[in-house]
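First up is the structure itself, then whatever we jot down about it.
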Amino acid sequence: MNGTPQPERTDSTLARRPTSATRLVLLVSAAVFINYIDRGNLATAAPIMQDELHLSATELGVLFTAFYYGYVLAMAPVGWLAERFGAQLVLAIGVAVWSIATILTGLAASFAGLLALRLVLGIGESAAFPCASKLLANAVDVKHLGVANGVMSFGYLLGPAVGTLAGGLLMASFGWRPAFLVLGVLSLTWLWPWRSVVIEHPVRTSSAIDASPTLPQILRQRALWGAALGLFTANYAFYFILAWLPFYLVKVRGFSAGSMAWLASWAYLLNALSALLSGWATDRWIRAGHGANGIYKGIMVLNHAGAIVCMAGVLLLPRTGSLLALFAYEILAGVASPGLFAIPQIFAGPRAAGRWVGVHNTIGGIAGFVAPMVTGILVDRTGNFALAFILAGAVSAFGLLGWLVMLPRIAPIEWRPVGAP
């Protein structure tokens, strides 16, 4: 990773050295790592909570989904806030809000209380990706965005692995309430190193301000809608697995809570390691002269085609084969992860990345509340997961339309001032 953000001439930033791009990427990756631990805790606790609070599968689906209502509805406004007030501040507020919501979840005693806290958790966590994309687009050269997003993807994909294992073992030993309290308090500690970060931005001249695209300009880009459709369809299978895998392994495949924690964690770890390797390899291929367009689109096609096969394998194969299909899916999803955010960062550039990814992730995040809720309804009505896996595969197939038909050549957009010819 090369380069640091260019200096903005203010007394506060001149007094302190700017934070290096490498340290910035690592801290942002740590934030999204925490983000995915905290959002995934409910899925790990679901088998225990269902018995204690007498929740139906549909109610569990609603709780999984409630997070995404707050998450999706706040995403675009948070992208604007990151552009207006600075991604550093907005990200810090987001971490504080979602950490406190995690702590309070450990004290909740009813479905209504859990529902409200899941909404607040989603609002807090909506700050992560618009702010992260704004920071990375400012700090990292395009030729190194693959590895930067690979490291960030490693962070958010490692979160479920660590969260499922640590949370599962904590819950197995002490119950689900202490686990939420401990993990929420630990999440707040990220704010300590973040307070010393110095973010610098280019000097904003009048011409630079004029060159910044408006929201209507961004919304007119075919690239936005193609990548957003691709993200939605990739997210559908991902969030379906993320929300329901612990429940499926325990209730359908017959694993104990402890075994489930280990198996799910291994799957998520493969997911994270694949993302890290993919980001490194992608940048290496691009620097060797291969086009970003062909590389990123090829990876997306591989992910979606593989997801169709893997969803069928998890459902239909015997227990060992089902686990192998699950692991294969996690590897393919990890390989695609860096591109899901590198692609919009390349198109948008530093001046539009916050708002672009705010819209991009809003559309992609819709899958987060559709997939868990629809799955819960299907399981309640059919008594099994067959239709849920079939639907996940079908949605993945539809994603090829976004990446191959709608998405233009992947290259930075030359933004022009409003009214320019």
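Points worth noting:
- Identity of the residue in region 252-266, surrounded by fewer than 22 Cβ atoms within 10 Å (Cβ to Cβ) and within 18 Å of G167 (Cα to Cα), that ends up modelled with the lowest pLDDT: A257
- In region 20-40, the residues that are within 13 Å of G167 (Cβ to Cβ) reach residues that are assigned to a loop (DSSP other than H, G, I, E, B) with C-beta atoms within less than 7 angstrom, at least six apart or across chains, in these pairs: I34/W190.
- Any pair with Cβ under 8 angstrom, 6 or more apart, that starts in region 88-117 at a residue that is aromatic (F, W, Y) and ends at one that is not in a helix (DSSP H, G or I): F111/L55
- Verdict on S133 being of a type outside the set (D, E), assigned to a loop (DSSP other than H, G, I, E, B) and either in contact with a Cys (Cβ under 6 Å, 6 or more places away or on another chain) or modelled with pLDDT of 80 or more (or both): no
- Test for S274: is it within 26 Å of I363 (Cα to Cα) and among the polar types (S, T, N, Q): yes
- The residue that is farthest from L400 (Cα to Cα), among those in region 285-300 that are within 21 Å of the chain's Cα centre (by Cα) and touching a residue at least 60 places away in the same chain (Cβ under 8 Å), is Y296.
- Taken over region 313-357, the criterion of being within 30 Å of W415 (Cβ to Cβ), small (G, A, S) and crowded, with 24+ Cβ neighbours inside 10 Å is satisfied by A336, S337, G339, A342, A348, A352, A353, G354.
- Extreme residue, modelled with the lowest pLDDT, among residues of region 215-245 that are closer than 28 Å to A21 by Cβ, surrounded by fewer than 23 Cβ atoms within 10 Å (Cβ to Cβ) and not aliphatic (A, V, I, L, M): Q217
- Looking across G146, G155, one residue alone is touching an Asp or Glu at 6+ places or on another chain (Cβ under 6 Å), part of a helix (DSSP H, G or I) and buried (at least 23 other Cβ atoms within 10 Å of the Cβ). It is G146.
- Subset of region 77-110 that is of a type in the set (G, A, S) and surrounded by fewer than 18 Cβ atoms within 10 Å (Cβ to Cβ) - its residue that is nearest to T189 (Cα to Cα): A96
- Screening region 350-403 for residues that are closer than 30 Å to L136 by Cβ and among the charged types (D, E, K, R) and picking the one that is modelled with the lowest pLDDT gives R351.
- Of all residue pairs spaced 6 or more apart or on separate chains, those with beta-carbon atoms under 7 Å, a first member in region 139-151 that is at negative phi and at pLDDT below 85 and a second member that is in a helix (DSSP H, G or I) and of a type in the set (S, T, N, Q) are L145/Q345; G146/T282.
- Listed conditions (1) within 17 Å of L119 (Cβ to Cβ); (2) modelled with pLDDT under 85; (3) aromatic (F, W, Y) are all met by W98, apart from (2).
- All positions within region 272-291 that are in contact with a Ser or Thr (Cβ under 8 Å, 6 or more places away or on another chain) and either under 30 Å from M49 (Cα atoms) or modelled with pLDDT under 85 (or both): A272
- Checking each residue in region 166-180 for being farther than 17 Å from I34 by Cα and free of Cβ contacts under 8 Å to residues at least 40 places away in the same chain picks out S173, F174.
- Taken together, the criteria exclude V28 from residues that are surrounded by fewer than 24 Cβ atoms within 10 Å (Cβ to Cβ), at pLDDT 80 or above and of a type in the set (A, V, I, L, M, F, W, C).
The values are calculated or read from the model by the stated rules, or taken from the named source; none is laboratory data. Bear in mind the structure is a predicted one, so any value in this text is a computation, not a measurement. Every residue, glycine among them, receives a Cβ derived from its backbone with ideal geometry; neighbour counts consider all protein chains shown.
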